[in-house]
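Got a structure here, written out as structure tokens. Questions coming.
The values are calculated or read from the model by the stated rules, or taken from the named source; none is laboratory data. Fair warning: this is a prediction, and the values are worked out from it, not measured in the lab. A quick note on method: Cβ atoms are made from the backbone with ideal geometry, for glycine too, and the neighbour counts reach across all protein chains shown. Ligands, DNA and RNA are excluded from the accessible area calculation, which covers all protein heavy atoms including side chains. Shrake-Rupley method; radii C 1.70, N 1.55, O 1.52, S 1.80 Å.
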Amino acid sequence: MAAFFSSPFLVIAHRGASAEAAENTLPAFARALAVGAPAVELDVYYAHEQLWVIHDDELDRTTNGTGRLEDHSPEALRRFDAGGGAVIPTLAEVLELIGDRAAVNIELKGPGTAAPVCALLAQRAVPTEQILLSAFDHRELVTAKALAPQWPRGALFGRQVAGAVEAARALKATSINLADRTVTAERLERYQAAGFKTLVYTVNDRERARELRDWGASGIFCDDPGAMIAAVHC
Ligand code: G3P
Ligand code: MG
């Protein structure tokens, strides 16, 4: 079984192997598995009682559709091309594809995603150690913690990292997930000393990845996991 944080430095396929296939599609996750990524990250929204794996709440950037996700019926959403002929997958489809072959970071992008995600994970009897739930909107993690505290949580931060340790403590988070531009060796050390894993996004520069590894980061999100695994595990 693929457990999160099972290696000292985790290479996480960001939106799947998104450098090689359309982001957040089944081919991108299949490619991540094929190159041996130990973990994948995906983004999820809830609309029409379904969990959709897509980064934006609008279709324009990643599909041939336009407008808001929630303004289209499920049938219409499935007709859009999310890249290379792939559809917008549901979370259940991605979990089915991955099985026990990789750990999964589910980023709760949309409002109201925590409850249906926790319900789906329970329904599928996914092992808790395979999953990390994360969100920039910490209210989703508060909901997840209240409803189903067994799922490990990662507190995501953007530009603003002041109070990160206190926020992560309040969420009983496993990890603090940081934008690369906010990361320093001192900050990583402080967060780790406070008992948190540290994951850094999005790191595609191999030298920078090695530096973060040497500073003690727990892992990185990258778009080309095959190349990155070769670069950091040497
Ligand atoms: O969770 C790491 C990363 O995915 C956060 O940023 O915009 O790529 O979802 P974004
Ligand atoms: Mg994401």
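Post the alpha-carbon centroid distance, segment 33-107 to segment 109-149, in whole angstrom.
Rounded to whole Å, the Cα centres lie 16 Å apart.
Related question: What per residue convex hull volume, in Å³, do the alpha-carbon atoms of segment 72-143 yield?
Dividing the Cα hull volume of segment 72-143 by its residue count gives 116 Å³.
Moving on. Two-decimal Rg/Rh of segment 10-232 from alpha-carbon positions, Kirkwood Rh?
Expressed as Rg/Rh, it is 0.95.
Considering only the other residues whose Cβ falls under 9 Å of the Cβ of Arg153, what net charge follows from Lys and Arg at +1 and Asp and Glu at -1?
Residues close to Arg153 contribute a combined charge of +2.
Right, here's the next one. Subtracting the Cα-Cα distance from 0.36 nm times the residue separation, let me have the gained length for Glu49 to Ala230 in nm, one decimal.
My answer for the length gained is 61.1 nm.
Excluding Phe9 itself, what net charge comes from residues whose Cβ is under 14 Å from its Cβ, given Lys and Arg +1 and Asp and Glu -1?
Computed value for this residue: +3.
Another question, if that's okay. How big is the shadow of the Cα convex hull of segment 138-234, averaged over all directions, in nm²?
Across all orientations, segment 138-234 yields a mean hull projection of 6.4 nm².
While we're looking at this one, here's another question. Probe 1.4 Å, all protein chains in place: accessible area of Leu171 in Å², nearest 10?
Surface accessible to solvent at Leu171 totals approximately 10 Å².
Still on this structure, I have one more. What is the percent carbon and sulfur in the accessible area of the chain, measuring with a 1.4 Å probe over the protein chains and ignoring ligands?
Of all accessible area on the chain, carbon and sulfur atoms account for 50 percent.
Before rounding to the nearest 500, sum -39500 (n - 2.57) across all DSSP H runs of length at least 4 in the chain and divide by the residue total; then give [θ] at 222 nm in deg cm²/dmol.
-9000 deg cm²/dmol
So, one more: Checking the a/c ratio against 1.5 first, then a/b against b/c, what shape does the Cα gyration tensor give for segment 6-109?
prolate
Among Leu147, Leu108, Leu133, which one shows the biggest mean-square fluctuation in a GNM of the chain, springs joining Cα atoms closer than 10 Å?
In the Gaussian network model the winner is Leu147.
Skip the ligands, DNA and RNA, and give the accessible area per residue of the chain with a 1.4 Å probe, whole Å².
Normalised by residue count, the accessible surface of the chain is 42 Å².
Just grab the label-to-label distance for Thr182 and Arg208, each label 7 Å out from Cα along the Cβ direction, in nm (one decimal).
1.5 nm
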